[in-house]
Amino acid sequence: MRELHRLRDGARVVVRHIRPSDAAQLVDGFRRLSPESRRLRFLGGRVRLTPELAEYLTNVDQLDHVALVATTEDDRGLGVARFIRDRVDRTVAEAAITVAEGEQGRGVGTVLLLAMRRAARERGVRTLRGEILWENTAMRRLLARARARVRSSDGRLSFEVDV
Ligand SMILES: CC(C)(COP(=O)(O)OP(=O)(O)OC[C@H]1O[C@@H](n2cnc3c(N)ncnc32)[C@H](O)[C@@H]1OP(=O)(O)O)[C@@H](O)C(=O)NCCC(=O)NCCS
């Protein structure tokens, strides 16, 4: 899979399946994420991206665990979107998006959500769901445009997007 998109500022973005050779870039991108981006992505929990975890996150079957990356045309990573299908209800999957520090707010997240919804639809997933922190304005706007259902509790929002 390889899709070409254009951002609002005219920049070209490639969306493709993640591959094992992306592990080093993933670790590097994670290292560069600001404390605030990490907090928003992992809901305040501490996460260490070990080489083992990077291997797990880049060696995916693209069926039950789907991960797409957005890159520049010369393959510099800009963001990752991922969903993992529920083991029991295979029409539902847990989804998340991370855009690299310094690349947020350019439309990369919008492109990744679009591509992720399409990938989900193609695999028979009907609902993407997840949790975000209430103050995650960028994600809330993305979700609003995708007409997500959101429910709030304890400073968090659970979302469900029909694909
Ligand atoms: C949330 C995230 C994935 C969104 O991706 P992005 O590329 O920054 O988002 P986009 O540029 O496509 O913008 C999406 C919307 O959010 C708005 N937005 C972007 N950054 C914003 C910010 N810092 N504050 C307020 N709104 C913002 C955009 O204007 C756009 O809304 P609009 O279409 O109504 O104008 C990205 O910011 C990110 O990785 N954040 C840290 C990790 C995280 O929170 N992940 C989500 C957990 S699942």
Quiz item: Going out from 0 in 5 Å bins, what whole percent of all Cα-Cα distances in the stretch 67-163 drops into each bin?
Solution: 3, 13, 24, 24, 19, 12, 4, 1, 0
Quiz item: Rank ASP74, ASP89 by accessible area, highest first, at a 1.4 Å probe radius?
Solution: ASP74, ASP89
Quiz prompt | Euclidean distance between Cα centres, the stretch 117-148 to the stretch 1-28, Å | solution = 19
Quiz item: Rolling a 1.4 angstrom probe over the protein heavy atoms, how many square angstrom per residue are accessible across the stretch 2-162?
Solution: 58
Quiz item: Shape of the chain from its Cα gyration tensor (a ≥ b ≥ c, root eigenvalues): rounded if a/c is under 1.5, otherwise prolate when a/b > b/c, or oblate?
Solution: rounded
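The values are calculated or read from the model by the stated rules, or taken from the named source; none is laboratory data. Being a predicted model, the structure only gives us computed values, none of them experimental. Accessible surface areas use protein heavy atoms only, side chains included; no ligands, DNA or RNA. Shrake-Rupley method; radii C 1.70, N 1.55, O 1.52, S 1.80 Å.
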